[in-house]
Amino acid sequence: MSFAFDNSYARLPESFHARVLPTPVAAPRLLALNEKLAAELGLDAKALASADGIAMLAGNRIPPRAEPIAMAYSGHQFGHFNAQLGDGRAILLGEIITPSGERRDLHLKGAGPTPFSRRGDGRAALGPVIREYIVSEAMQALGVPTTRALAAVTTGESVYREEVLPGAVLTRVASSHIRVGTFEFFGSRGDRDGLQKLADYVIARHYPDLAQEADKYEKLLEAIVTRQARLVAQWMHIGFIHGVMNTDNMTVSGETIDYGPCAFMEAYHPSTVFSFIDRQGRYAYANQPSIAQWNLARLAECLMMLFAHEAEAPERANAALSSFKTHFQKAYLDGLRRKIGLRAAQDDDASLLADLFNRMAENEADFTLTFRRLCASVADPTADAGVATLFKDPSSFAGFAEKWRARLAQEGGDLPERAQQMRRVNPAFIPRNHRVEEAIAAALKNDLAPFHQLNRVLEKPFEDQPEFVEYMLPARPEERVTQTFCGT
Ligand code: AMP
Ligand code: MG
């Protein structure tokens, strides 16, 4: 099997990483292989599923021309700075150049200890690996920038958490694994040279248009701010709660990374939190934009050290940071307009939407189904009953529907066509938490059918798929998942 490796990160100075090999595991077994992604990467899926391929996916065999490293990074975790994080249970095998010329990290999560491991065992448990596989691939299908899952294998070994669990390794693919925390690693050490090398590397890899600009580091900050603002707006549009938005879990490429305690909201409420460790609700649904901006302020503190004009640096940095709000608000509102079928922007759209959200919150309406059923309502008021039943007080929906129809009427246009457009932004299927848990519970009993089935349904989130209607439904009270765990 040949891999088109070109390992640019491994060529950066020693301080950026530690060279380390994955620790072999006892008995690797393939759980899932993402054949479509393999093809996009120019990898031979058949070969990956062979004994040699599985050995590579488990870290037992190093593919030719790989240069395994663990990346150094720091990070603010729940607001507190930790200078020494880094890949403690993940190893970057290398970067492959895809047939279409894109550079992608090939990374084994759960591949054994590294110099950054400190306390942990460097391993991952089956549950979190399955969760990341399902949710990251679902995000991709939902059109949200994200790291991908190429494969999952079990190791034939146990990992010890609160309980004994089967070990697993996820092969993660990303446009890179450089985080806000990677900048903090150099910034906190006052290593201006390292910081500049990192910034130049990020520009070359992710923002090549900036390379010739005189104020390229200022522009880099602006560009990362813009991508993150758009990313978080997309999360908000689908009710996604990341759960652990530490600066080491935020990429500079603008991809969602680290699916630990993440979850999708069912009943809409802005203060929804799932993560067991997030006791203050720092990373609650509605806090995500301001937390992203807080994280970007930590990035700005590092990048400022490189700004061309020292005297103007704080001002430039602040301007870039405050542009977050503008970019976020625009992306957020534009997306919400599309979700309710509006094309043109009007000043009172925000208050129309706020009215809907207030009613949803008061009535514990399912976020995903409310918007999905609005797609039918837009062209057919008799479908309103289907939306209204999602509200504890069904009559509450009518108050919104009246204003909404008046607003739609002002725009005119073909309503059935609008319904079709709405169906392309309001998913029918999201990885509902109880379905994810169900897939994990079955996998722990060696039954992978629910895992594969769920992945199949989530490949086409915007199609009705009537044969899978039960996957559209929220959890029944006894199925409801109220807390999620990192599982590290
Ligand atoms: P995470 O919560 O996955 O974002 O990880 C935060 C930090 O803890 C990173 O530096 C990880 O590499 C490290 N870490 C998490 N789990 C483990 C583990 N099982 N063994 C070693 N390091 C870990
Ligand atoms: Mg992390």
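Based solely on its DSSP helices, what 222 nm [θ] is calculated for the chain when runs of n ≥ 4 H residues each add -39,500 (n - 2.57) and the sum is averaged over all residues, nearest 500 deg cm²/dmol?
The helix contribution divided over the chain gives -13000 deg cm²/dmol.
So who's got an amide H within less than 5 Å of the one on A32, skipping anything under 5 residues away but keeping other chains? H placed 1.01 Å off N, in plane.
A152
Using only the heavy atoms of the protein chains and a 1.4 Å probe, how would S188, S323 rank by accessible area, largest first?
S188, S323
Round to the nearest 10 and give me the degree value, 0 to 90, for the angle of helix 395-411's Cα axis relative to the longest principal axis of the chain.
Orientation of helix 395-411: about 90 degrees from the principal axis.
Would you mind checking the tilt of helix 126-141 against the longest principal axis of the Cα atoms of the chain, expressed as 0 to 90 degrees and rounded to 10?
With both axes taken from Cα atoms, the answer is about 60 degrees.
Kindly identify the range 197-293 as rounded, prolate or oblate by the Cα gyration tensor criterion: order the square roots of the eigenvalues as a ≥ b ≥ c, call it rounded if a/c is under 1.5, otherwise compare a/b with b/c, prolate if a/b is larger, else oblate.
Here the range 197-293 falls in the prolate category.
Could you tell me how many degrees, from 0 to 90 and to the nearest 10, lie between the Cα long axis of helix 216-238 and the main elongation axis, the longest principal axis, of the Cα atoms of the chain?
Roughly 50 degrees between the two axes.
Quickly rank 380-389, 470-479, 32-41 as a protection proxy: mean count of other C-beta atoms within 10 Å, highest first.
32-41, 380-389, 470-479
Quote the FRET efficiency, to the nearest 0.05, computed for A211 versus I62 with a Förster distance R0 of 41 Å and r equal to the Cβ-Cβ distance.
On the way: r = 33 Å, r/R0 = 0.80.
Once the sixth-power term is evaluated, E becomes 0.80.
Could you tell me which of rounded, prolate or oblate describes the chain, using a ≥ b ≥ c as the square roots of the eigenvalues of the alpha-carbon gyration tensor, with rounded for a/c under 1.5 and, failing that, prolate when a/b is larger than b/c and oblate otherwise? All intermediate terms of the calculation are to be shown ahead of the outcome.
Details: a/c = 1.87, a/b = 1.27, b/c = 1.47.
The shape class here is oblate.
Which entries of K325/K392; K325/K460; K109/K339; K46/K460; K197/K325; K219/K325 have Cα-Cα distances beyond 26 Å here? Display every interim value, and only then the final one.
Values: K325/K392 33 Å; K325/K460 32 Å; K109/K339 35 Å; K46/K460 24 Å; K197/K325 29 Å; K219/K325 17 Å.
Over 26 Å Cα-Cα: K325/K392; K325/K460; K109/K339; K197/K325.
Could you pull the accessible area for K330 with a 1.4 Å probe, rounded to 10 Å²?
For K330, solvent-accessible area is about 120 Å².
For the pair R456 and A27, what calculated FRET efficiency results from E = 1/(1 + (r/R0)^6), where r is the Cβ-Cβ distance and R0 = 35 Å, to the nearest 0.05?
Step by step, r from the Cβ atoms, then E = 0.80.
Quick one: net charge of G412's neighbours, Cβ under 14 Å, K/R +1, D/E -1?
+1
Rounded if a/c is under 1.5, else prolate if a/b is larger than b/c, else oblate: which is the range 340-423, with a ≥ b ≥ c the root eigenvalues of its Cα gyration tensor?
oblate
The values are calculated or read from the model by the stated rules, or taken from the named source; none is laboratory data. Everything numeric in this text was worked out from a predicted model, so none of it was measured. Here Cβ is always computed from backbone atoms with ideal geometry, including for glycine, and neighbour counts include all displayed protein chains. The protein model used for the area step is the full one, side chains on, heavy atoms only, and it has no ligands, DNA or RNA in it. Shrake-Rupley method; radii C 1.70, N 1.55, O 1.52, S 1.80 Å.
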